[in-house]
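Okay, structure first, notes after.
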Amino acid sequence: MIDFKNSDYVKLKQIDPSSVLKDVQPLLIEQEQIIGAYKAIRDYCIFTNKRLIAVNVQGVTGKKKDFSSLPYSKVVAYSVETAGVFDLDSELELYFSSLGKVKFEFTGSSNIIQIGQTISRYIL
């Protein structure tokens, strides 16, 4: 499991989901669709219509990967912070019933409101 308190899930930048599809495709279930993908330096996260998949790329070569599946059905609350004039980054905090808080930071170009709407659609 990824230690989200000490992870590099900061400054996630939106990427083309097809660039990481080969890694997560085997994990997807029937009728699960990728909504968006965001990447930090090496680690990345995938938002689907059912869950968030956080991928921790490990080792020197990056061939070893840790996949954490965070289903929206276990989210009890969430918080979004939009980018401002001087603070160009946005944040997403998810509160899971058995895991606790998971925090992600996105670059200003990310559409945090759309991410919040997607999560709302599946948890409300």
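A few comments on the model shown:
- Qualifying residue in the stretch 66-77 (condition: modelled with pLDDT under 90, surrounded by fewer than 17 Cβ atoms within 10 Å (Cβ to Cβ) and either farther than 23 Å from L124 by Cα or of a type in the set (A, V, I, L, M, F, W, C) (or both)): no
- Some residue of the stretch 84-91 being under 17 Å from I15 (Cα atoms) and touching a residue at least 60 places away in the same chain (Cβ under 8 Å): yes
- Residue count for the stretch 31-65, restricted to those that are touching a residue at least 24 places away in the same chain (Cβ under 8 Å), among the β-branched types (V, I, T) and either outside any loop (DSSP other than H, G, I, E, B) or buried (at least 18 other Cβ atoms within 10 Å of the Cβ) (or both): 4
- Counted residues, the stretch 102-116 - those being closer than 18 Å to V76 by Cβ and free of Cβ contacts under 8 Å to residues at least 60 places away in the same chain: 1
The values are calculated or read from the model by the stated rules, or taken from the named source; none is laboratory data. It should be emphasised that the depicted structure is a prediction, and the values quoted were computed from it without experimental measurement. Note: ideal-geometry Cβ built from the backbone for every residue, glycine included; neighbour counts use all protein chains shown.
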